[in-house]
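The values are calculated or read from the model by the stated rules, or taken from the named source; none is laboratory data. From a predicted model like this one, the values you see are computed outputs, not experimental measurements. Using ideal geometry, Cβ is built from the backbone for each residue, glycine included, and neighbour counts are taken over all protein chains shown. Note: accessible area is taken over every heavy atom of the protein model, side chains too, but ligands, DNA and RNA are not part of it. Shrake-Rupley method; radii C 1.70, N 1.55, O 1.52, S 1.80 Å.
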Amino acid sequence: MTMQTITIAPLQDEADAVAFRTLNEEWITTHFALEDADRAVLADPQHAIVDQGGTVLIARAGEQRVGCVALLRIGDGVAELVKMSVAPEARGSGIGRMLITAAIDHAREQGITKLMLESNQSLAPAVRLYESVGFQHVPASAHAPTPYSRADVFMDLDLV
């Protein structure tokens with residue numbers, strides 16, 4: 001993919017919602033299987049995330065949607081970083097780092113003081129990215145029970 005200016009902005013329309021679903025279904029079905037919790041969030045991110053006080057961020061290269069990430073509100077001052085994905089042809093170009101940085105900045109602007117996430121050890125590049133921006137590994141018991149059978153990495157980032 002030729003590098004061009006990447007912009008990151010909140011979910012704006014149905015095309016963004018479709019891109020959010022498509023980008024996430026690609027990585028999930030490549031490595032795992034879609035689970036009920038995935039289907040619920042991906043079917044209607046406006047309702048499942050935005051209407052609940054969260055945010056979906058979409059990365060664009062021109063008109064092409066090349067990545068996404070969401071902040072799902074899970075408590076007062078706490079959000080979970082969920083559904084981060086970069087299009088296969090854009091991986092390795094720094095878009096993942098741009099997305100996570102934008103998500104952290106947005107979380108701080110929204111008064112979020114703690115971010116949590118769940119991942120899988122087989123997604124080593126993603127786990128390394130999370131570590132590089134300050135996420136710390138925590139035991140599974142530090143999080144509410146996960147709806148994802150694939151989750152075996154649990155991380156937190158304090159924003160204060």
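Summary table
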| read-out | value |
| --- | --- |
| Heavy atoms of VAL153: accessible area, 1.4 Å probe, square angstrom to 10 | 10 Å² |
| Rounded to the nearest 20 debye, dipole of the range 1-76 from Cβ charges on Lys, Arg, Asp, Glu | 240 debye |
| FRET efficiency for THR7 and GLN46, using Cβ-Cβ distance with R0 set to 30 Å, rounded to 0.05 | 0.90 |
| Solvent-accessible ranking of SER122, SER85, largest area first, probe 1.4 Å | SER122, SER85 |
| Per-residue [θ]222 nm for the chain (sum of -39500 (n - 2.57) over DSSP H runs n ≥ 4, rounded to 500) | -10000 deg cm²/dmol |
| Probe 1.4 Å, protein heavy atoms only - accessible area per residue of the range 66-160 in square angstrom | 46 Å² |
| By accessible area with a 1.4 Å probe, ligands and nucleic acids excluded, highest first: order of THR5, THR55 | THR5, THR55 |
| Alpha-carbon centroid distance for the pair the range 89-160 / the range 36-72, whole angstrom | 15 Å |
| Length added when fully stretched, VAL78-GLN64, from 0.36 nm per residue minus Cα-Cα | 1.9 nm |
| Separation of the ARG91 and ALA140 label points, Cα + 7 Å toward Cβ, nm | 2.5 nm |
| Estimated vicinal HN-Hα couplings, Hz - the range 120-134 in sequence order (Karplus 6.51, -1.76, 1.60; Gly, Pro = x) | 9, 4, 6, 9, 4, x, 5, 4, 4, 4, 4, 4, 5, 9, x |
| Probe 1.4 Å - accessible area at VAL50, Å² to nearest ten | 50 Å² |
| Listed residues ALA43, GLY92, THR113: farthest to the positive end of the dipole of the range 31-140 (Cβ charges) | GLY92 |
| Heavy-atom accessible surface of the range 1-121: percent carbon and sulfur, 1.4 Å | 49 percent |
| GNM top mover of ALA59, ALA107, ALA15 - the chain, alpha-carbon springs below 10 Å | ALA15 |
| Loop-located chymotrypsin sites (Phe, Trp or Tyr not before Pro) in the range 1-77, at most 16 other Cβ atoms within 10 Å (DSSP) | PHE32 |
| Whole-number percent relative contact order across the chain, with pairs defined as alpha carbons under 8 Å at least 6 apart | 20 percent |
| Cα centre as origin, Lys/Arg/Asp/Glu Cβ charges: the range 31-160 dipole, Debye | 320 debye |
